[in-house]
Amino acid sequence: MGDAVLGRQTDLPASTEIASQAAIAINHLSLRYGTGPKAVTALDDIGFSVREGEFVSVVGPSGCGKSTLLKILAGLLPPTSGSASLNGTDIQGPRRDIGVVFQSPVLFPWRTVLGNVLLPADVQGLDKAAMRTRALDLVNLVGLTGFEDSYPRQLSGGMQQRVGIIRALIHDPALLLMDEPFGALDAMTRESMNVELQRIWLESKKTVLFITHSTAEAVFLADRVVVMTPRPGRIGDVFEVDLPRPRPLEVMNTEKFGTYVQRIRRALNATGGHGGGLD
Amino acid sequence: MINFVLRLGLIGAVLGVWEWLVAFMQVPTYILPPPTSIFRGLVNGFSSNLYPEHIMVTLSETLLGFVFGTVLAFFLGTIVALSKRVEYFLYPFIVMFQAMPKVALAPLIVVWFGLGLTSKVINAALVAFFPLMVNTIVGLKSADEDRINLMRSLAASKWQIFWMLRLPNALPFIFAGLEIAMIFALIGAIVAEFVGAEKGLGMLIQSMNINMDVAGQFSILLILSMLGLLLNGTVTFIRRRVLFWDPATQADGKLNSDKGGV
Ligand SMILES: Nc1ncnc2c1ncn2[C@@H]1O[C@H](COP(=O)(O)OP(=O)(O)OP(=O)(O)O)[C@@H](O)[C@H]1O
Ligand SMILES: [Mg+2]
């Protein structure tokens, strides 16, 4: 088992060579909300990198800065210090080759399912006819055929979340950032969404940064699991998950899977978070 | 269906009791006329072609005032909502005007703009202006943080965020404001006619009041509430069409007529 664990990896050398190869390279990144005595340090000198095509899960207790990290990578929040780069380019602001999936579906109630999926294409002025065909394919991929012209309020929570996910794929971004996308779903729907996401990822080979509260979900999906520690947000242990793909749901019952989950949970508990509260 | 018949029956019963009470207690017509003389006043008014002319005058004042007031309110509200600077400088004026009962300006406006159409349109516009401006500002500012972040993450321009997110998001607020503004415009026009006018239903009420024609006044009141229903109903009809996606619009169909009471 030990060979599967990469162990501590708190600091990467800020070597430009690594940065230029990595899909995501984060170096000595810090972020403080506010100024003066009331400032909150959300991220404190964090660093790690993600290879192209890699699926990385980030787990950590509530408030450890996961969403903050995602906002920085999405270009929505400038870091206080340090740097983050995508494919060797420093993040200056939002980019068009990123897809973001938020914790809630964030659909526009005045747009149909198809209209919502096409939102990024509309914003970025992509070819309408080609995008429509692609949108219909994606709708089909997640089993929503027949609901193209429905409005969000006519869909269940799980269906809405699927719309949110394929919307992030419509403009074929190289990088997918997902912030607890399945947090609001029931256990059953969540598991089938995990299988679906793995399938999409295996087919499209995108780089994925996937934030979750669920250790099992993190292990099931990821090539690597990054544990974050709270107050201030830092990178703890990083675990390499060596399980063959595609992973069926039954993999969760295997001993190897259980050992990964246990190790990660222990790492979470050790870092002083409310690890016991995580599933 | 049963309920509808009961409803009609109740209205009939109220009118019947009214008619009987007025006759039984020998209430003079200049205090409270019986429904039959109100109805006669209505028929006479229409057959002599007196009412239609004045209805058209009041209706045009109301609609013109509504259009000018709301278009201006929409643009000003949009600018205030989108620019913190403009909001900062205009805020004292907005607060002051909002607290002031706008109908109290009617005498001044009639002095400034005369007895004709202009003063009525301006007064109606003034009264219709605020409900829509306030609702436009609130609506445009109420866009959900997550939705804004989604648009920003797609590298959307400010302009795109406005057209694709803020404006559609504000529409339920804007339509609620338009419904109020419609009724307010009617109130504004009538009040300005009270102050001084040559034509219009408000002027007619006043001259009937001087002649102690109370039945005639009641018939005008009836026309005014019909007019109010028609104007409000038109806005509601358009709102239902435009906001088919808004769950609140589907739900409050029965409630929104309450706003006429403002
Ligand atoms: N806009 C903000 N202003 C001030 N402080 C903030 C802001 N957003 C987040 N924080 C603080 O930064 C810290 C990290 O927040 P963040 O949302 O990144 O946590 P998280 O790991 O995503 O938590 P959760 O798992 O509950 O979503 C928290 O202590 C939070 O209070
Ligand atoms: Mg979060």
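The values are calculated or read from the model by the stated rules, or taken from the named source; none is laboratory data. No experiment lies behind these values; they were computed from the predicted model shown. Cβ placement follows ideal geometry from the backbone for every residue including glycine, while neighbour counts extend to all protein chains displayed. Please note that ligands, DNA and RNA were not included when accessible areas were found on the heavy atoms of the full protein model with its side chains. Shrake-Rupley method; radii C 1.70, N 1.55, O 1.52, S 1.80 Å.
Consider segment B:226-249 and keep the residues that are open to solvent by less than 60 Å² (accessible area, probe 1.4 Å) and free of Cβ contacts under 8 Å to residues at least 60 places away in the same chain. The one that is nearest to the other protein chains (Cβ to nearest Cβ) is B:W245. For segment A:259-268, the count of residues that are in contact (Cβ under 8 Å) with a residue 40 or more places away in the chain, loosely packed, with under 14 Cβ neighbours inside 10 Å and over 24 Å from A:L73 (Cβ atoms) is zero. The set of residues in segment A:44-86 that are within 11 Å of ligand 2 (Cβ to nearest atom) and assigned to a strand (DSSP E or B) contains only A:V58. Checking the structure you have, find out if any residue of segment B:80-90 is aromatic (F, W, Y) and out of contact with any helix residue (DSSP H, G or I) (no Cβ under 7 Å at 6 or more places or on another chain). Among the residues of segment B:80-90, at least one is aromatic (F, W, Y) and out of contact with any helix residue (DSSP H, G or I) (no Cβ under 7 Å at 6 or more places or on another chain), which makes the answer yes. Does any residue of segment B:221-236 turn out to be in a helix (DSSP H, G or I) and more than 20 Å from the chain's Cα centre (by Cα)? No - not one qualifying residue is present in segment B:221-236. Listed conditions (1) away from ligand 1 (no atom under 12 Å from the Cβ); (2) assigned to a loop (DSSP other than H, G, I, E, B); (3) modelled with pLDDT of 90 or more are all met by A:G93, apart from (3). If the condition is being away from ligand 1 (no atom under 16 Å from the Cβ) and among the small types (G, A, S), then segment A:167-199 contributes A:A168, A:A174, A:A187, A:S192.
If you go through segment A:71-83 and keep only what is more than 8 Å from ligand 1 (Cβ to nearest atom) and within 15 Å of A:I211 (Cβ to Cβ), you end up with A:I72, A:L73, A:A74, A:L76, A:L77. Inside segment B:29-55, residues that are part of a helix (DSSP H, G or I) and not charged (D, E, K, R) make up a count of 17. Contact map, segment A:138-156: first residue farther than 17 Å from A:L119 by Cα, second residue aromatic (F, W, Y) and open to solvent by 40 Å² or more (accessible area, probe 1.4 Å), Cβ cut-off under 9 Å, separation 6 or more or different chains; pairs are A:Q154/A:F147; A:L155/A:F147. When the residues of segment B:91-149 are filtered to those that are open to solvent by less than 30 Å² (accessible area, probe 1.4 Å) and within 14 Å of chain A (Cβ to nearest Cβ), the one that is farthest from A:S67 (Cα to Cα) is B:G139. For segment A:55-110, the tally of residues that are within 13 Å of another protein chain (Cβ to nearest Cβ) and among the polar types (S, T, N, Q) stands at 5. The requirement of being within 11 Å of chain B (Cβ to nearest Cβ), within 22 Å of A:M193 (Cα to Cα) and out of contact with any Leu (no Cβ under 9 Å at 6 or more places or on another chain) is fulfilled nowhere in segment A:133-140; no residue meets it.
Once segment B:196-216 is narrowed to residues that are more than 20 Å from the chain's Cα centre (by Cα) and not in a loop (DSSP other than H, G, I, E, B), the residue that is surrounded by the most Cβ atoms within 10 Å (Cβ to Cβ) is B:G216.
Open to solvent by 20 Å² or more (accessible area, probe 1.4 Å), of a type in the set (A, V, I, L, M), more than 14 Å from chain A (Cβ to nearest Cβ) and farther than 21 Å from B:T118 by Cα - does that describe any residue in segment B:155-170? Checking segment B:155-170: not a single residue is open to solvent by 20 Å² or more (accessible area, probe 1.4 Å), of a type in the set (A, V, I, L, M), more than 14 Å from chain A (Cβ to nearest Cβ) and farther than 21 Å from B:T118 by Cα.
The helices (runs of 4 or more DSSP H) falling completely within segment B:86-190 that include 2 or more residues that are of a type outside the set (F, W, Y) and without any contact (Cβ under 8 Å) to a residue 24 or more places away in the chain map to B:106-113, B:145-153, B:158-161. State yes or no: is A:G164 at pLDDT below 90 and either outside the structural domain of A:V59 (by TED's automatic domain parsing) or within 16 Å of ligand 1 (Cβ to nearest atom) (or both)? No: the conditions fail for A:G164. Only one entry of B:L154, B:L178 meets the criterion of being at pLDDT 95 or above and more than 30 Å from B:F39 (Cα to Cα), and that entry is B:L178. Entry remark, segment A:39-70: residues being of a type outside the set (A, V, I, L, M, F, W, C) and within 9 Å of ligand 1 (Cβ to nearest atom) number 9 in total.
Of the set (1) open to solvent by 90 Å² or more (accessible area, probe 1.4 Å); (2) without any contact (Cβ under 8 Å) to a residue 12 or more places away in the chain; (3) part of a helix (DSSP H, G or I), all apply to B:Q26 but (3).
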